[in-house]
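Everything on this sheet refers to the single structure shown next.
The values are calculated or read from the model by the stated rules, or taken from the named source; none is laboratory data. Please read all numbers here as calculations on a predicted model, not as lab measurements. No Cβ is skipped: glycine too gets one built from the backbone with ideal geometry, and neighbour counts run over all protein chains shown.
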DNA sequence: CTTGGAATTGACGTTAACGTAAACGTCAAC
DNA sequence: GTTGACGTTTACGTTAACGTCAATTCCAAG
């Protein structure tokens, strides 16, 4: 391990600049979607004239947004969560509030996780039963 | 444990009949929503004249639908999943197909779970950092 | 008998999250 | 100089998932 990477726990990707089409391709969405997220205040890329220029930070942020979407959060909720950690952390009162909200959100996420685990368990159950049934009929569950 | 419950691994609730308003209250939704789900073919309650009568089975099914929604599935997806296990399981080919789809779905769910775990980890990280910061300032993170 | 509470069926309204199309600017390539 | 790839804004269209409201029925209570 080099000295450069030794001080860097998470491997950052080189700080590039991305076009809107580039990000759209990478994340499998359209440019329209990215502009829409900007309208909604979720990302604020630099501009060079009218053209949008996205930093690595913007890219990470976009990835975060999309993961939130995959988890079923609305854009409004995602915006709140993003804003949450953007606020000033100078005062003790603000830190307490941030802590409180974080905990609330974690509880929500863990409820979701319980739902998800239950869902997975049920489907695995079905898988097991069907496999069993197939074996009972002398068929290989993994065969074609 | 009594003989009655001993043979019953999962405690079934007594087979009652529910009104639409009753179910709506219980699940925190409106009757309109339940009727809408029926229009979409997600539930098919009995009828007594025009009035809908819901069985315990219908109730479980409704709960399942709502859990699916909490997980971010669309009604169309939920319908597919419900229909999936409704199909006939007599033929080996059908069993194989069911098994295949189950596995595909389980993979999807486990991807979601990975997303969710990552999300949770990040927020716990924030919680830890903020707690640390508060302690550094001589404030109790759990105090008021 | 009528009054009130719960149910029903339309039918139209609404919000979120984009899609789609029109009209235009910019720049490098041919 | 025009063609084509990429970018822009403005604006209207669309789908999902209900909300809302009107008009009606059914039934038990007073």
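Scanning segment B:62-86 for residues that are assigned to a loop (DSSP other than H, G, I, E, B), away from DNA strand D (no atom under 16 Å from the Cβ) and either surrounded by 13 or more Cβ atoms within 10 Å (Cβ to Cβ) or modelled with pLDDT of 95 or more (or both) turns up just one, B:85. Pairs only if they're at least six apart or on different chains, beta carbon under 6 angstrom, first in segment B:65-76 and more than 8 Å from chain A (Cβ to nearest Cβ), second within 15 Å of DNA strand C (Cβ to nearest atom) and not in a helix (DSSP H, G or I); list them, first residue then second. Pairs found: B:65/B:42; B:75/B:40.
Being more than 9 Å from DNA strand C (Cβ to nearest atom) and more than 16 Å from the chain's Cα centre (by Cα) is the filter here; which residues of segment B:40-53 pass it? Walk me through how you get there before you give the answer.
Initial filter on segment B:40-53 (more than 9 Å from DNA strand C (Cβ to nearest atom)): B:40-44, B:46, B:48.
Across segment B:40-53, the qualifying residues are B:40, B:41, B:44, B:46, B:48.
Applying a threshold of 7 Å to beta carbon distances and a minimum spacing of six or more residues, or different chains, the list of pairs starting in segment A:18-42 at a residue that is free of Cβ contacts under 8 Å to residues at least 12 places away in the same chain and ending at one that is exposed (fewer than 15 other Cβ atoms within 10 Å of the Cβ) reads A:24/A:30; A:31/A:21.
For segment B:127-144, taking the residues that are more than 8 Å from chain A (Cβ to nearest Cβ) and part of a helix (DSSP H, G or I), the one that is surrounded by the most Cβ atoms within 10 Å (Cβ to Cβ) is identified as B:129.
Residues in segment A:88-105 that are within 22 Å of residue A:42 (Cβ to Cβ) and loosely packed, with under 12 Cβ neighbours inside 10 Å: A:88, A:104. Restricting attention to segment B:21-61, the residues that are assigned to a helix (DSSP H, G or I), surrounded by 15 or more Cβ atoms within 10 Å (Cβ to Cβ), more than 12 Å from DNA strand D (Cβ to nearest atom) and more than 14 Å from chain A (Cβ to nearest Cβ) total 3.
When segment A:97-111 is filtered for residues that are more than 19 Å from residue B:68 (Cα to Cα) and more than 7 Å from every other protein chain (Cβ to nearest Cβ), the ones remaining, listed by number, are A:97, A:100, A:101, A:104. Every condition in (1) within 30 Å of residue B:94 (Cβ to Cβ); (2) at the interface with chain B (Cβ under 7 Å from one of its Cβ atoms); (3) modelled with pLDDT under 90 is met by residue A:124 except one, and the failing one is (3).
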